[in-house]
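> Can you read through this structure? Questions will come right after.
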Amino acid sequence: MVVAKLLAEEETLAQRKSWWLLSALILVSSFVLFACGGGGGSSSSSASTGSVGVLVTDGPSDIFKAIEVTIDGVSLIDDEDNLIEIWSDLSGKTVDLLNLETEAELFTLAGDVPVGWYNKIRLHISAVDLVEFNDNLIAVEVPSAKIDLNPRGQFYVSADETLLVQLDFDANKVIHLVNPGHYRLRPVVFVDILTAKNMGRLVRLPGIIDSVDGINSQFVLLHQSAEFLIYTDNDTLFFGPDGIPTAFADLDDGDEVIAIGHFRAGSDDTQPEFDAVLVEEGDYQKLRGTLTVAPGATGTSLTLVYNTDPPIVVNLDDDTAFYDCFGVMIAKADLVVGQRVAVDAVMFADEYYAALVVACPDSVDTLSGELEAIELLTLTVEGQCAEEANGASYYLLGEDTLTEITRADLTVGDTLLLFGDDGVCFSYRQLFNVE
């Protein structure tokens with residue numbers, strides 16, 4: 001009996017050891033599968049995608065009333081040459097580049113973009129139309145339906161974050177006059193991956209306030225069916241419908257406002273974050289033109305003229321904001337006669353009142369022709385001396401690509417297009433080697 005009892009207890013103990021061993025193996029296997037992503041579910045999906053915000057802007061041009069570019073697709077090309085489409089529309093989306101010479105516009109905010117390294121951005125452009133000041137329409141030849149854009153180095157889409165890409169169309173370089181009345185599109189579009197150090201140009205976000213957080217001085221703005229978290233601080237300016245400064249406390253749910261500022265790089269992809277330097281409430285419009293009367297340091301108004309329209313006088317407030325075309329704050333005294341400006345103004349009691357003035361640099365000179373000689377410090381282009389300005393950049397311009405190169409890549413006989421300042425020796429800031 002004793003022996004039988006001992007044998008039974010030994011068998012029970014062995015069974016328990018086997019059960020614990022089996023349980024431990026199952027538990028370890030579960031951890032291994034979870035760590036390898038074999039468990040599936042929302043956690044794995046969330047960690048494998050991010051968002052990409054595409055901003056569009058333009059350099060100044062005074063040749064046309066409007067330059068309308070119709071884009072019907074935006075894709076990313078990864079480091080294995082895979083094409084990842086992030087936005088498309090068969091009917092296309094038309095952007096007037098000349099409305100963007102002083103700011104950037106959010107073209108699209110694409111979610112569920114696979115995490116990883118990318119090399120290029122591909123635009124599909126279906127049409128380009130030039131609108132002259134007499135409203136005559138000129139169709140531009142588009143040699144290739146696609147344009148491949150090369151940023152400076154690779155860029156990475158991180159999980160659960162928003163990567164911001166600014167596409168800078170330069171109207172004076174994008175549109176090429178082949179012969180009288182015949183224009184052709186060139187792929188001169190510069191790509192900037194925005195960071196905390198490089199926030200890009202001012203961005204305009206019109207929308208409706210969904211909720212106001214008075215404790216943290218922030219609000220949620222509905223723009224293009226998406227939510228954006230707008231941050232304000234003691235430096236943020238607020239202007240009301242009458243052109244008079246207001247305060248954060250005057251904002252309410254349901255108000256239609258325009259938030260102007262910069263996106264925060266790397267913010268949450270479910271609710272991108274935006275730092276507002278100015279919030280406008282009211283029927284503000286953008287007045288574009290050339291300064292004929294500058295305010296100086298103490299003036300209370302400016303005068304601008306656009307094409308053949310009558311001059312417009314705009315009143316300035318002590319709180320009116322002043323920026324340059326690159327999104328950097330300037331002083332009122334920096335404005336000079338002959339400068340191109342865009343003014344956010346509202347009409348009240350038959351007078352204009354400004355909340356924001358954005359000034360652009362003076363026009364840029366050009367030099368083009370055959371590269372005849374390469375010296376240590378200078379180039380000779382069509383018999384004219386050309387010298388490199390500080391920070392000059394070099395590009396190879398193909399039919400549908402724009403690739404950054406160096407001065408060492410130039411060869412006598414190349415066809416060059418230079419942009420800079422004319423003088424005894426042309427000082428160039430951008431050089432294009434035209435294939």
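> Sort 103-115, 328-340, 163-175, 376-388 by packing, meaning the average of other beta carbons within 10 Å per residue, with the highest value first.
Working: 103-115: 18.5, 328-340: 13.8, 163-175: 22.1, 376-388: 15.3.
Put in order of decreasing packing, that is 163-175, 103-115, 376-388, 328-340.
> Also: For the stretch 166-179, in order, what is each residue's ³J(HN,Hα) by Karplus, 6.51 cos²θ - 1.76 cosθ + 1.60 with θ = phi - 60°, in whole Hz (x at glycine and Pro)?
Rounded to whole hertz, the list is 9, 9, 9, 6, 10, 4, 5, 10, 5, 9, 10, 7, 7, 7.
> Same structure again: With r defined as the distance between the Cβ atoms of LEU377 and GLU435 and R0 fixed at 30 Å, what FRET efficiency is calculated, to the nearest 0.05? Mind showing how you got there, number by number?
Values: r = 26 Å, r/R0 = 0.87.
It comes out at approximately 0.70.
> Only residues of the stretch 358-397 count here: report those whose backbone N is under 12 Å from the spot 7 Å along Cα→Cβ of THR415, or say none.
369-371, 397
> At a Cα cut-off below 18 Å, give the aspartates and glutamates reachable from LYS65, other chains included and same-chain residues fewer than 8 away excluded.
Straight-line reach from LYS65, under 18 Å: ASP96, GLU101, GLU103, ASP129, GLU132, ASP135, ASP170, ASP309.
> If I stretch the segment between TRP117 and ASP135 completely, what's the gain in nm (0.36 nm per residue apart, minus their alpha carbon distance), one decimal?
On the way: separation 18, 0.36 × 18 = 6.48 nm, distance 4.42 nm.
Between TRP117 and ASP135, full extension yields an extra 2.1 nm.
> Given the pairs LYS146/LYS197; LYS286/LYS332; LYS93/LYS286; LYS120/LYS286; LYS173/LYS286, which are separated by over 29 angstrom at their Cα positions? Display every interim value, and only then the final one.
Numbers: LYS146/LYS197 31 Å; LYS286/LYS332 18 Å; LYS93/LYS286 21 Å; LYS120/LYS286 33 Å; LYS173/LYS286 24 Å.
From LYS146/LYS197; LYS286/LYS332; LYS93/LYS286; LYS120/LYS286; LYS173/LYS286, over 29 Å: LYS146/LYS197; LYS120/LYS286.
> At 0.36 nm per residue, and after removing the present C-alpha to C-alpha distance, how many nm does the segment from LYS146 to SER225 gain when stretched out fully? Could the numbers behind the result be given before it?
Values: separation 79, 0.36 × 79 = 28.44 nm, distance 2.79 nm.
Contour length minus the Cα-Cα distance gives 25.7 nm.
> Could you calculate the contour length gain from ASP242 to SER393, that is, 0.36 nm times the residue separation minus the distance between their Cα atoms, to one decimal place in nm?
Working: separation 151, 0.36 × 151 = 54.36 nm, distance 4.49 nm.
Separation in residues times 0.36 nm, less the Cα-Cα distance, equals 49.9 nm.
Where a number appears in this text, it was derived from the coordinates with a stated rule and is not lab data. Here the structure is a predicted model, which means the values were calculated and not measured. As a convention, Cβ positions derive from the backbone with ideal geometry for all residues, glycine included, and neighbour counts pool all protein chains shown.
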